[in-house]
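Encoded as structure tokens, the structure appears first; notes follow it.
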Amino acid sequence: MLRYLILFCFNRIGEQRTVASIYHILTGRRSAQTIQDVHLYQLTNFYGATKSLTRVQFTNIIKELIAQNYLNERDQSLVVLTAQAKNYLVKEQDKYPIHYLQGLKYVDIMDGFIARFHLAVQTYSNLVMKNKTFRPISDDETVQHWVKQNFHQNRQELRYWLRGIHNELLSFLNALDNEMYAMLFVDRLSGYQQAGYSIQQLARIYQIEEPEIELILVLLFHKLLTFAETNQLSTVRTFVEDLNLRKNNRFLTKSAQITLRLLESDYTIAQIAQKRKLKRATIEDHIIELTYAYYPFRIHTFIDQSSLENITLTIAKLPNHKLSLIKQALHNNYSYFQIRLALVHFHNL
């Protein structure tokens with residue numbers, strides 16, 4: 001699935017971004033450029049899908065895909081899909097449920113959700129059997145505190161809680177199309193006198209590479225949260241009720257948040273750049289980021305309607321949306337900042 005996902009991302013981006021940009025998207029790099037890329041190329045669902053993927057692992061996969069004639073290397077930083085790869089994406093599109101991923105929506109809560117879920121299942125399974133000497137699978141104090149708080153709320157009804165989570169998980173697992181995914185999910189869980197398998201152990205058991213195992217598990221937890229929201233799974237939903245569940249894929253880097261506060265205080269781009277000792281281009285990056293997150297934001301503060309319409313019409317006629325190509329088609333009459341604003345507008349039409 002990981003190779004399919006990587007090829008899918010390259011297919012969306014085409015020749016407009018580098019190999020590194022895909023790596024940054026999949027590992028959830030918190031930069032203005034990466035956030036703009038996921039919006040521009042409609043890859044928000046895959047943001048942060050493989051946080052633990054190392055650069056070496058990613059590079060080795062790219063080399064394999066080139067050797068297998070799925071990618072052609074144009075230079076050290078740019079690759080393009082072959083006809084074989086495009087056929088593969090069509091042929092295998094029903095095999096790999098990457099549509100389960102909700103990357104940007106869940107990026108801030110997923111780690112906490114998974115850690116709470118595993119520790120709560122382990123803790124309650126042991127305590128209901130009067131075993132208080134088990135070793136917690138998480139030593140994160142924040143996670144342990146949440147589980148303790150939740151335990152105090154449910155201590156008189158532990159069996160009821162366990163029946164509830166069992167029934168909700170059963171309905172979720174039965175809804176999956178892939179039996180192996182269901183088995184892998186369960187094998188990861190720890191309970192009374194039962195230790196969940198590690199990523200390394202699962203990789204050996206299922207004969208799947210570790211990054212692939214991690215991607216599948218993340219995908220399943222994304223699906224579980226979506227399933228819980230759709231089907232009102234009350235027990236599962238308690239794990240994230242106090243977390244910041246991102247709505248409408250809104251995500252801002254911390255630096256963009258500071259710029260937003262200054263814009264709300266009626267600072268101009270030049271004033272913000274001076275106050276923050278940053279380049280004007282950096283502040284413009286923040287404004288693009290804000291416009292994606294809160295479209296239409298203040299788009300007409302930075303570009304007039306006539307220019308916006310003219311650039312948008314040109315974008316619609318072009319085969320790809322490479323900034324330099326758009327600028328050339330517009331006879332260099334508009335800045336890159338104006339073109340990027342128009343691109344946000346175009347993708348929200």
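The values are calculated or read from the model by the stated rules, or taken from the named source; none is laboratory data. This structure is a prediction, so every number in the text was calculated from the model and none was measured. FYI the Cβ positions are ideal-geometry reconstructions off the backbone, even for glycines, and counts take in every protein chain you see.
Starting from segment 330-349, keep only residues that are more than 15 Å from Phe302 (Cβ to Cβ), then list their pairs with residues that are of a type in the set (A, V, I, L, M, F, W, C) whose Cβ atoms are within a distance under 8 Å, requiring at least 6 positions of separation or different chains.
As it stands, the answer is Leu330/Ile311; Leu330/Ile339; Phe346/Ile315; Phe346/Ala316; His347/Leu40, since those pairs meet every condition given.
Looking only at segment 54-70, which residues are within 15 Å of Leu7 (Cβ to Cβ), touching a helix residue (DSSP H, G or I) at 6+ places or on another chain (Cβ under 9 Å) and not β-branched (Val, Ile, Thr)?
Listed by number, the residues that qualify are Phe58, Glu64, Leu65, Gln68, Asn69, Tyr70.
If Tyr206 satisfies all but one of (1) closer than 30 Å to Thr133 by Cα; (2) hydroxyl-bearing (Ser, Thr, Tyr); (3) modelled with pLDDT of 95 or more, what's the number of the condition it fails?
(1)
Of all residues in segment 157-181, how many are within 24 Å of Met1 (Cβ to Cβ) and either of a type outside the set (A, V, I, L, M, F, W, C) or not in a helix (DSSP H, G or I) (or both)?
7
What number of residues within segment 202-224 are in a helix (DSSP H, G or I) and farther than 15 Å from Ile109 by Cβ?
Final tally of qualifying residues: 15.
Would you please list the contacts, defined by Cβ atoms under 9 Å and residues six or more apart or on different chains, that run from a residue in segment 1-18 that is farther than 14 Å from Phe58 by Cβ to a residue that is among the basic types (Lys, Arg) and in a loop (DSSP other than H, G, I, E, B)?
Short answer, once both residue conditions are applied: Met1/Lys95; Tyr4/Lys95; Gly14/Lys322; Glu15/Lys322; Gln16/Lys322.
Only one of Ile114, Ile62, Ile22, Ile35 is buried (at least 18 other Cβ atoms within 10 Å of the Cβ), farther than 30 Å from Phe239 by Cβ, under 19 Å from the mean Cα position of the chain (by Cα) and not small (Gly, Ala, Ser); which? Write out each step before concluding.
Working: Ile114 fails: farther than 30 Å from Phe239 by Cβ; Ile62 fails: under 19 Å from the mean Cα position of the chain (by Cα); Ile35 fails: farther than 30 Å from Phe239 by Cβ.
Testing whether each residue is buried (at least 18 other Cβ atoms within 10 Å of the Cβ), farther than 30 Å from Phe239 by Cβ, under 19 Å from the mean Cα position of the chain (by Cα) and not small (Gly, Ala, Ser) leaves just Ile22.
Of all the residues that make up segment 319-336, how many are surrounded by 12 or more Cβ atoms within 10 Å (Cβ to Cβ) and within 33 Å of the chain's Cα centre (by Cα)?
Pass one, segment 319-336, residues surrounded by 12 or more Cβ atoms within 10 Å (Cβ to Cβ): 321-323, 325-327, 329-330, 334-336.
Filter once more, so that each one left must be within 33 Å of the chain's Cα centre (by Cα): 321-323, 325-327, 334-336.
Total meeting the criteria: 9.
One residue is enough: does segment 126-142 have a residue meeting the conditions of a type in the set (Ser, Thr, Tyr), in a helix (DSSP H, G or I), surrounded by fewer than 17 Cβ atoms within 10 Å (Cβ to Cβ) and without any contact (Cβ under 8 Å) to a residue 40 or more places away in the chain?
Yes, some residue in segment 126-142 is of a type in the set (Ser, Thr, Tyr), in a helix (DSSP H, G or I), surrounded by fewer than 17 Cβ atoms within 10 Å (Cβ to Cβ) and without any contact (Cβ under 8 Å) to a residue 40 or more places away in the chain.
Only one of Phe151, Phe172, Phe134 is out of contact with any Cys (no Cβ under 9 Å at 6 or more places or on another chain) and more than 18 Å from Tyr192 (Cα to Cα); which?
Result of the check over Phe151, Phe172, Phe134: Phe172.
Find the helices (runs of 4 or more DSSP H) located wholly in segment 1-69 whose residues include 2 or more that are modelled with pLDDT of 95 or more and not small (Gly, Ala, Ser), and list them.
Result: 2-13, 19-26, 55-67.
Yes or no, residue by residue, for (1) touching a Leu at 6+ places or on another chain (Cβ under 9 Å); (2) assigned to a helix (DSSP H, G or I):
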site	(1), (2)
Thr226	no, yes
Val236	yes, yes
Glu241	no, no
Thr259	yes, yes
Ile272	yes, yes
Ile288	yes, yes
Leu308	yes, yes
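If Leu184 satisfies all but one of (1) buried (at least 17 other Cβ atoms within 10 Å of the Cβ); (2) at positive phi; (3) not acidic (Asp, Glu), what's the number of the condition it fails?
Looking at each condition in turn, Leu184 falls short on (2).
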